[in-house]
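Working notes, structure below.
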Amino acid sequence: MGENEERNKAVLQRFWDEVWDQGNLDVVDEIFHPNFVDHGLAPGLSKQGPEGAKEAVMQFRTAMPDLYLRCDMMIAEGDKVLSLWESGGTQTGPLGSARGTIPPTGNKGIVRGMTLNQLEDGKIIAAWDNFDILGMLQQLGVIPSGPPPQAAAQPS
């Protein structure tokens, strides 16, 4: 692995550890490109750039003050880094945005996902996310889990 790939992985490690896990939003200004684009915005978020990244982090950290994020694996190639991660916490605050808010449930949820980031000059310029939001909403009790209820038996 080349020097740029190692540098890019170090930038992403700071994002996962310092920004998401510890909630230090000042780091966003250091590691995000001013033209950052999030191609997988969380529901209801509209901001781009470093301010959009901060908004996304705060949406979840406000809803789950005990939020943790652990990056389990990173793969770097060229200007891209793929991260596999797990995050979780207890939803004690509202989760959502202008499109709709989920009131506090008091339930714990864990979500696993992956994010592909592109870096330019050592700064994060783009992100594509995929995570199990359905599983998280089921754990929070917002959406029922398991099979749908059986319809009443119809006489033949």
Practice prompt. Name the residue, out of W128, W85, that is open to solvent by 10 Å² or more (accessible area, probe 1.4 Å), at pLDDT 90 or above, closer than 14 Å to K9 by Cα and aromatic (F, W, Y).
Written response: W85
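Residues are listed down the side, and each one gets a yes or a no for (1) over 16 Å from the mean Cα position of the chain (by Cα); (2) crowded, with 19+ Cβ neighbours inside 10 Å; (3) part of a helix (DSSP H, G or I):
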{"site": "Q13", "(1), (2), (3)": "no, no, yes"}
{"site": "W20", "(1), (2), (3)": "no, yes, yes"}
{"site": "G23", "(1), (2), (3)": "no, no, no"}
{"site": "F36", "(1), (2), (3)": "no, yes, no"}
{"site": "M58", "(1), (2), (3)": "no, no, yes"}
Worksheet item: Hey, among the residues in segment 107-123 that are touching a Leu at 6+ places or on another chain (Cβ under 9 Å) and closer than 17 Å to M64 by Cα, which one's least open to solvent (accessible area, probe 1.4 Å)?
Response: G109
Discussion item. With the structure loaded, tell me whether V28 is modelled with pLDDT of 95 or more, in a strand (DSSP E or B) and open to solvent by less than 20 Å² (accessible area, probe 1.4 Å) or whether it fails that test.
Written reply: no
Worksheet, complete the sentence: Scanning segment 91-106 residue by residue, the ones that are open to solvent by less than 60 Å² (accessible area, probe 1.4 Å) and assigned to a strand (DSSP E or B) total 5
Worksheet entry | Qualifying position, being out of contact with any helix residue (DSSP H, G or I) (no Cβ under 8 Å at 6 or more places or on another chain) and outside any loop (DSSP other than H, G, I, E, B), among G109, G113 | G113
Worksheet item: Restricting the first residue to segment 36-62 and requiring it to be over 16 Å from Q91 (Cβ atoms) and basic (K, R), which pairs with a second residue that is open to solvent by 30 Å² or more (accessible area, probe 1.4 Å) and modelled with pLDDT under 95 meet a Cβ separation below 7 Å and a spacing of at least six or different chains?
Response: K47/E55
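The values are calculated or read from the model by the stated rules, or taken from the named source; none is laboratory data. Predicted model only: the values in this text are computed from it and were never measured. Cβ coordinates were reconstructed from backbone atoms using ideal geometry, including for glycine residues, and neighbour counts include every protein chain displayed. All accessible areas refer to the heavy atoms of the entire protein, side chains included, with ligands and DNA or RNA removed. Shrake-Rupley method; radii C 1.70, N 1.55, O 1.52, S 1.80 Å.
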